[in-house]
Amino acid sequence: MMETMRRLVHFVLFLAGCTTILSSSAEQRPIAQGTDLLSSKEHDALNTDLATYVDGARKQFSVPGIAIVVVKDGRVVFEQGSGERNLNDGKPVDVHTMFCIASNTKSFTATAIEILADQGKLKLEDRVVDHLPWFRMADPYATREMRIRDILAHRSGLGSHAGDLLFVPASTYSTREVVERLRDLPLATGFRSTFAYENIMYAVATLIIEQVSGESYADFIREHIVVPIGMTESRIDSTYLTPSDDVATAYTPQENGRLMPIPPLAWKNNQGAAGIYSSVEDMAKWVEVQLASGRLPEDRNGGTHRLFSAASQQRMWSMITPIDIEPASVPQLQAAQPNFLGYAEGWYLSDYRGQRTVWHGGGFPGTVSLVTLVPSLHLGIVVLTNQQSEEVLNAITFHILDTCMGAPETNWIEAYAASAKLDAARKAEESAKQTAERLSDARPSHALASYAGTYRDRWYGDILVWRDGGELRMRFTKSPRLVDSL
């Protein structure tokens, strides 16, 4: 999983200060009473400006396609696709094009847990072993005291991204087999002592949802979230995509500047962590329900039908795990430094100018996405892309906020191009340092053939090593695509 925490923090926090919002001629849903949108003149001017800006940012950072939606006061006020969904066929991205939202799936999983809590089928204070008696961590205390709230908040004591090779490239382990391997992974820190982003505890959440509901994770998300909200352009993971679906191809930049397509990824043994595909048309509906504290659209004029309760919303947006705040990477981002930062249930929490922001980013190879909520302003923003450039998300989001706030114009495209150049220089320096430290005349201590054989790891299973001409090759037997030269 490619969570790019530092950069996401810098630009997401800026969203909270917006008090007015862009508007467009996109299809609009019913608006709540008492809202104050822009005049038609401002509407047209800003729509034209943003469309031009998005296209310029997309081209600067070599992103084939981008889709954006902005929701204000229960209404879609800007919705647009830009660029191409696939470089081979040239078909355009529109508001119905599906992108992988990756770790934004976690907020769906947290919502599913809270729905079950509303139904009285579990409590967030329940121990994991209350529902999965066979569950074991390497540490007995963590095993006994791990609560459902803990597995949603990245404070298990595991190291950052622990166990990700069990999901990507795809392995043949079942979700239960993945979770059973937690007993063989020593904690990197004290239980509940610090934040460390990982995905494997959401596999635990996946199993709890299935155990408590009696349904598969995919069926529960579909029947209890996707269908009630009316998200017809969303799929649980890439295995549910059909040939007729409008899907963006993911691309990753190569050293030669070209973009390489990435095949769709599916974490079938950890669906609760990542993998949902959705369009901005559908994500707007998701954002609207979140901002409405769980009320479904048809019931916002006095009805009582909810996806989840207001109490559940409060829990999902209450900080559980504090996160250290890193200095801004470049001076231009200093103004976006938060006063607080932390993780709740499937959402990050932070602030900007006294406004609380609730947000999450997601990344798979070749794609990044961002969902941001500013509850006090009834504002939601979703940006989906098919290239793993955080810079394009940053530049677009800051531009939107500057426009909303009437702030002095800043060339965020130029600023983030400079930031990307600085990062590239740092990486090149690190690579050169590693190359210089390598002993060019080093040779194996034994004949290559003596290293061949089957190696067993309690975490990853059997690993085959064999001689192939003048080199050694390696293959993880449980991960068929994890093959390479040593």
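The values are calculated or read from the model by the stated rules, or taken from the named source; none is laboratory data. Remember, it's a predicted structure, so these values are computed and weren't measured experimentally. FYI the Cβ positions are ideal-geometry reconstructions off the backbone, even for glycines, and counts take in every protein chain you see. Keep in mind that these areas ignore ligands, DNA and RNA; they rest on the heavy atoms of the full protein, side chains included. Shrake-Rupley method; radii C 1.70, N 1.55, O 1.52, S 1.80 Å.
Need the failing condition index for residue 245 against (1) surrounded by fewer than 21 Cβ atoms within 10 Å (Cβ to Cβ); (2) at pLDDT below 95, just the number.
All conditions are met except number (2).
So residue 80 clears everything in (1) at pLDDT below 90; (2) within 16 Å of residue 55 (Cβ to Cβ) except one condition, right? Which one?
The number of the failed condition is (1).
As an exercise: evaluate residue 256 against (1) modelled with pLDDT of 95 or more; (2) surrounded by fewer than 16 Cβ atoms within 10 Å (Cβ to Cβ) and give the number of the one condition it does not meet.
(1)
Within the stretch 356-369, count every residue that is touching a strand residue (DSSP E or B) at 6+ places or on another chain (Cβ under 6 Å) and more than 12 Å from residue 107 (Cβ to Cβ).
6
For residues in the stretch 139-153 being open to solvent by less than 20 Å² (accessible area, probe 1.4 Å) and of a type outside the set (A, V, I, L, M, F, W, C), which is nearest to residue 197 (Cα to Cα)?
The selected residue is 150.
Among the residues of the stretch 67-87, write down those that are over 25 Å from residue 252 (Cα atoms) and not in a strand (DSSP E or B).
The answer is 73, 74.
Of all residues in the stretch 58-94, count the ones that are open to solvent by less than 10 Å² (accessible area, probe 1.4 Å), within 15 Å of residue 397 (Cβ to Cβ) and out of contact with any helix residue (DSSP H, G or I) (no Cβ under 6 Å at 6 or more places or on another chain).
Total satisfying the criteria: 3.
Here is a yes/no grid of residues against (1) of a type in the set (Val, Ile, Thr); (2) at pLDDT 95 or above:
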| residue | (1), (2) |
| --- | --- |
| 194 | yes, yes |
| 232 | yes, yes |
| 235 | no, yes |
| 264 | no, no |
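Would you point out which residue out of 182, 165, 187 is buried (at least 16 other Cβ atoms within 10 Å of the Cβ), outside any loop (DSSP other than H, G, I, E, B) and not acidic (Asp, Glu)?
Step by step, each of 182, 165, 187 is checked, and only 182 is buried (at least 16 other Cβ atoms within 10 Å of the Cβ), outside any loop (DSSP other than H, G, I, E, B) and not acidic (Asp, Glu).
So, of the residues in the stretch 328-342 that are modelled with pLDDT of 85 or more and not in a strand (DSSP E or B), which turns out to be nearest to residue 157 (Cα to Cα)?
340
Which of the residues spanning the stretch 75-106 are among the aliphatic types (A, V, I, L, M), more than 19 Å from residue 372 (Cβ to Cβ) and under 21 Å from the mean Cα position of the chain (by Cα)?
Correct list: 93, 98.
Mind telling me which of the residues 460, 451 ends up being open to solvent by 30 Å² or more (accessible area, probe 1.4 Å), touching a helix residue (DSSP H, G or I) at 6+ places or on another chain (Cβ under 9 Å), modelled with pLDDT of 85 or more and of a type in the set (Ser, Thr, Tyr)?
460
For the stretch 272-301, which positions are open to solvent by less than 30 Å² (accessible area, probe 1.4 Å), in contact (Cβ under 8 Å) with a residue 24 or more places away in the chain, of a type outside the set (Ser, Thr, Tyr) and not in a helix (DSSP H, G or I)?
272, 273, 274, 275, 276, 292, 296, listed by residue number.
Quick check, is residue 156 in a loop (DSSP other than H, G, I, E, B) and open to solvent by less than 10 Å² (accessible area, probe 1.4 Å)?
yes
Filter the stretch 198-242 for residues that are of a type in the set (S, T, N, Q), in a loop (DSSP other than H, G, I, E, B) and buried (at least 20 other Cβ atoms within 10 Å of the Cβ) and give the result.
The answer is 199, and nothing else.
Among residues belonging to the stretch 102-138 that are buried (at least 17 other Cβ atoms within 10 Å of the Cβ) and of a type in the set (Val, Ile, Thr), point out the one that is farthest from residue 235 (Cα to Cα).
Checked the stretch 102-138; the qualifying residue farthest from residue 235 (Cα to Cα) is 128.
What do you reckon, is residue 97 buried (at least 22 other Cβ atoms within 10 Å of the Cβ) and within 25 Å of residue 224 (Cβ to Cβ)?
Spelling it out, it is not the case that residue 97 is buried (at least 22 other Cβ atoms within 10 Å of the Cβ) and within 25 Å of residue 224 (Cβ to Cβ).
Let me confirm something: among 442, 418, which residue is part of a helix (DSSP H, G or I), on the phi < 0 side of the Ramachandran plot and of a type in the set (Gly, Ala, Ser)?
418
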